[in-house]
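The values are calculated or read from the model by the stated rules, or taken from the named source; none is laboratory data. Keep in mind it's a predicted model, so treat the numbers as computed, not measured. All Cβ positions, glycine included, derive from the backbone under ideal geometry; neighbour counts span all protein chains shown. Just so you know, the surface numbers come from the protein's heavy atoms only, side chains and all, with ligands and any DNA or RNA stripped out. Shrake-Rupley method; radii C 1.70, N 1.55, O 1.52, S 1.80 Å.
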Amino acid sequence: MWFDLARSDHFPTQYGPNATPVTVDVLEAGLITAFLILGVSFLVSLPTTRLKTVKSNNICESFDHFINRSPTFSVCSFNCDPVFLKLKKLIPVNNFGQEWEVGHIQSKTAYKAGTGAEINASISIKIALRGVNVTLKSNPGPDSDLKYEIIDYNERFEWTWDQGRFGFGPFAGHLQQQFRAAQYRGLPLPILWIMDYFVIDGEGFRFGRFYRTAGWYTHIIMWTAFACWLLANILFTSVINYGAYFLGICGALQLVANLVWLVVRNPNPLVIPFEDGDMVTKYGFNYWATFVMGLLCLLLSAVILYMDYKYDQELYNLFGVNPLDSYDEVAYLTKEERMQLRPKNATSVPTDIPLVEISNDPEEEEEDVDYVPVYLKRKTIAMAPKVIRSNKPRHLYPLPVPDQSIA
């Protein structure tokens, strides 16, 4: 048969191991790719189906300008939705990112146990919420004993989430077990030397315990912020100011995550000595990205609330929301109270509280007080004058249940 060609013993072809260095975080790349696909889907769908949907919604004559400005809405939403999608992308990316703290040093160091060789290596460390990543790179010279050695290591040690018992046994923590497995594999000494500071859990060396605790609380807060962001996007399709509240909560939680990582991570700074200097960690990209996104969410929340108070119609056009969704509270006012809510020049100055009258049956009106039902915008009841209702209108009473025996 054709598959026996060049095989003497008729066995499948076997290849030796091909160890290659890690060049990208697979989980982080997968998250970015997933949200990029969602972003492209939004960009494709916005100028088509949503524009047709808005044009087909004949809401009310008092909101004709909302329908007439639907192209403006489409362009604004075309730019607005990807912005919030980027916020969504950065929250899980920062949650699973590897650069909450980083450190780097170029130093001369021993290579491996039993070799006696020394290398001039570039050593980097990245501390995340769920573990630590150590990188070792070196380019031995042509006269070195390691000239045929490829020194390009990238090792990740995770502590999710159990501290475990003391030691390296089967009931020890996940980090300790991974460290012992790395010793058996014969990893280079600089990597093991750095991990010693996280594995040892006693006296003043409790860096692993403190970082694990800080990562545990921080990742919970980050997931809560992500849930608030989802609620904010859902509410932005109905009641915009409620969505702004949850967007502000999302930003505040991200700032709290920064504070928790800052306070809980460890009381002493992590300083790892090498022959040519000390490796000192500093805050990395994911830490500062979380901080900036928290401030940005708070700023966007404040801007949206201000626009909802001053420029509500433009805000509805921006988000593509039916303005009537914000007028679902009904109040029953007298004619005198209704006139107090209207501006003096009603023909030229638009009111902040549009009143939509509902015609009533004259037989149901009160004899002593003429109540007029009006629609009030959300959160405008507090700004309206106080209404004293001594007599409840008859049309507010529950309707009588029809007698089934007659039928």
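Within segment 208-219, the residues that satisfy the criterion of being within 30 Å of ILE151 (Cβ to Cβ) and modelled with pLDDT of 90 or more are TYR211, ARG212, GLY215. In summary, GLU149 fulfils each of the numbered conditions (1) closer than 25 Å to ASP25 by Cβ; (2) in contact with a Pro (Cβ under 7 Å, 6 or more places away or on another chain); (3) open to solvent by 10 Å² or more (accessible area, probe 1.4 Å) with the single exception of condition (1).
Take the conditions under 22 Å from the mean Cα position of the chain (by Cα) and either open to solvent by 80 Å² or more (accessible area, probe 1.4 Å) or at pLDDT 50 or above (or both) and apply them to ASN120. Does it pass? So ASN120 does not fit the description; no. Based on this model, can you work out whether TYR197 counts as within 30 Å of GLY248 (Cβ to Cβ) and either out of contact with any Gly (no Cβ under 7 Å at 6 or more places or on another chain) or at pLDDT 85 or above (or both)? In short, no. Residues that are at pLDDT 75 or above and in contact with a Lys or Arg (Cβ under 8 Å, 6 or more places away or on another chain) within segment 1-35 comprise LEU31, ILE32, PHE35, listed in sequence order.
Candidates LEU136, LEU192, LEU187, LEU175: the one that is open to solvent by less than 30 Å² (accessible area, probe 1.4 Å), among the hydrophobic types (A, V, I, L, M, F, W, C) and touching a Pro at 6+ places or on another chain (Cβ under 7 Å) is LEU136. For segment 123-158, the tally of residues that are aromatic (Phe, Trp, Tyr) and either over 21 Å from LYS282 (Cβ atoms) or modelled with pLDDT under 85 (or both) stands at 2. Considering the conditions (1) exposed (fewer than 15 other Cβ atoms within 10 Å of the Cβ); (2) modelled with pLDDT of 85 or more, TRP161 is excluded by exactly one of them, (2).
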